[in-house]
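One structure is given below, encoded as structure tokens.
The values are calculated or read from the model by the stated rules, or taken from the named source; none is laboratory data. Everything numeric here is computed off the predicted structure, so don't read it as measured data. With ideal geometry, Cβ positions are generated from the backbone for all residues, glycine too; neighbour counts draw on all protein chains shown.
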Amino acid sequence: MVEKTNATRFIDAYNKIDYQLRIQYNFKRSMSFSDMIRKAVVLNHIVRKYEDDLIDYGRLRNAIIHKSNDKYIIAEPHTDVVENLEKIARLISTPPKVIETNCVHDVFTVSYDISVLSVIQIMAQTTYSNIPVFKDGVLIGVANGQRIIDAFGNYMLNGGVCSDFLNNKKIEEIISLTNEKKYYEIASIDVTVEEIMNMFFTNRKLLCVILTKNGQMGETPVGIITSSDFMELNKIVENY
């Protein structure tokens, strides 16, 4: 088997990226590669991360081949450039699934009708700061340590009694104080690292992503990813 040249490897990776992005986001064939990259920046974390490289590589592609004929090569790119583009192509075309990483944590859930004090005690025992809350088998929100503290502070500032808040308020009351859905997402076990990172990027209020088999509200959670995992997810992308 004849070993591919750097130029051939580069063109193969470039074409794979071009094809995948056009298929994934229904970009027109008439759109230039650089325009496509700029549009994909808001849709895809990998493209956003490597935007400058991809724009440069688009220009390089035009420099190493003659017009539109991929077989007429007039320059050879450096090996490190080729390897970087091949890595980006892998991340875009076959991104790793988050369930295959060590960023997925076990899920501890609570019922909607337990006291705030009980939730705080569970958080202290488990060290989990985000705990999904269920009512009649359906996820209704996520109990978050910081938001419980905020609610407690406001309650006390308005003349509330500490013991009343801790013992008599149900966790459902706390998570219903705001538009709860913006603080969490539900995804299937097939979700990719790129998709998870894009969720956290596009929604800065997002606390966690809860994984279920098919990404449906009524399903049993099988794992949870929190905003504190973002750096580890980024390392996975870097080393992929």
Single residue of the stretch 80-102 satisfying the filter (closer than 12 Å to TYR240 by Cβ and among the β-branched types (Val, Ile, Thr)) that is surrounded by the fewest Cβ atoms within 10 Å (Cβ to Cβ)
THR94
May I ask you to list the residues in the stretch 185-208 that are in a strand (DSSP E or B), modelled with pLDDT under 95 and not acidic (Asp, Glu)?
ILE186, CYS208
I'd like the full set of residues that are among the β-branched types (Val, Ile, Thr) and either in contact with a helix residue (DSSP H, G or I) (Cβ under 6 Å, 6 or more places away or on another chain) or outside any strand (DSSP E or B) (or both), limited to the stretch 226-239.
ILE236, VAL237
Does GLN216 satisfy the condition of being in the same structural domain as TYR112 (by TED's automatic domain parsing), under 23 Å from CYS103 (Cα atoms) and part of a loop (DSSP other than H, G, I, E, B)?
yes
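For the stretch 18-53, what are the residues that are of a type in the set (Val, Ile, Thr) and under 13 Å from GLU194 (Cα atoms)? Even if it seems obvious, please write down each step before you answer.
The first filter runs over the stretch 18-53 and keeps only residues of a type in the set (Val, Ile, Thr), leaving 23, 37, 41-42, 46-47.
Within the stretch 18-53, VAL41, VAL42, ILE46, VAL47 meet the criteria.
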Failed condition for ILE224, given (1) out of contact with any strand residue (DSSP E or B) (no Cβ under 8 Å at 6 or more places or on another chain); (2) surrounded by 14 or more Cβ atoms within 10 Å (Cβ to Cβ); (3) farther than 24 Å from SER93 by Cα; (4) among the hydrophobic types (A, V, I, L, M, F, W, C), with all others met?
(1)
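Within the stretch 117-132, is there a residue that is among the aromatic types (Phe, Trp, Tyr), in contact with a Phe, Trp or Tyr (Cβ under 8 Å, 6 or more places away or on another chain) and either surrounded by fewer than 19 Cβ atoms within 10 Å (Cβ to Cβ) or closer than 30 Å to LEU60 by Cα (or both)? Before the answer, list the steps.
In the first step, residues of the stretch 117-132 are kept if they are among the aromatic types (Phe, Trp, Tyr); the result is 128.
With the extra rule that they be in contact with a Phe, Trp or Tyr (Cβ under 8 Å, 6 or more places away or on another chain), the set shrinks to 128.
Narrowing further to those that are either surrounded by fewer than 19 Cβ atoms within 10 Å (Cβ to Cβ) or closer than 30 Å to LEU60 by Cα (or both): none.
Taking every residue of the stretch 117-132 in turn, none turns out to be among the aromatic types (Phe, Trp, Tyr), in contact with a Phe, Trp or Tyr (Cβ under 8 Å, 6 or more places away or on another chain) and either surrounded by fewer than 19 Cβ atoms within 10 Å (Cβ to Cβ) or closer than 30 Å to LEU60 by Cα (or both).
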What pairs come up if the first residue lies in the stretch 39-55 and is on the phi < 0 side of the Ramachandran plot and without any contact (Cβ under 8 Å) to a residue 24 or more places away in the chain, the second is of a type in the set (A, V, I, L, M, F, W, C) and part of a loop (DSSP other than H, G, I, E, B), and their beta carbons are under 6 Å apart, counting only those six or more places apart or on different chains?
GLU51/VAL41
Considering only residues that are free of Cβ contacts under 8 Å to residues at least 12 places away in the same chain and at negative phi, look in the stretch 20-31 and name the one that is surrounded by the most Cβ atoms within 10 Å (Cβ to Cβ).
MET31
Matching residues in the stretch 1-19 - criterion: being loosely packed, with under 15 Cβ neighbours inside 10 Å and either assigned to a helix (DSSP H, G or I) or not polar (S, T, N, Q) (or both):
MET1, VAL2, GLU3, LYS4, ASN15, TYR19
Per-region count, the stretch 143-164, residues crowded, with 18+ Cβ neighbours inside 10 Å and within 19 Å of SER227 (Cα to Cα):
4
Identify, by number, the condition in (1) of a type in the set (Val, Ile, Thr); (2) over 26 Å from ARG22 (Cα atoms); (3) modelled with pLDDT of 95 or more that ILE92 doesn't meet.
(2)
Which residue, of ILE122, ILE73, ILE140, is in the same structural domain as LEU206 (by TED's automatic domain parsing), in contact (Cβ under 8 Å) with a residue 40 or more places away in the chain and more than 20 Å from the chain's Cα centre (by Cα)?
ILE140
Counting only residues in the stretch 192-215 that are among the β-branched types (Val, Ile, Thr) and surrounded by fewer than 21 Cβ atoms within 10 Å (Cβ to Cβ), the one farthest from SER227 (Cα to Cα) is identified as THR212
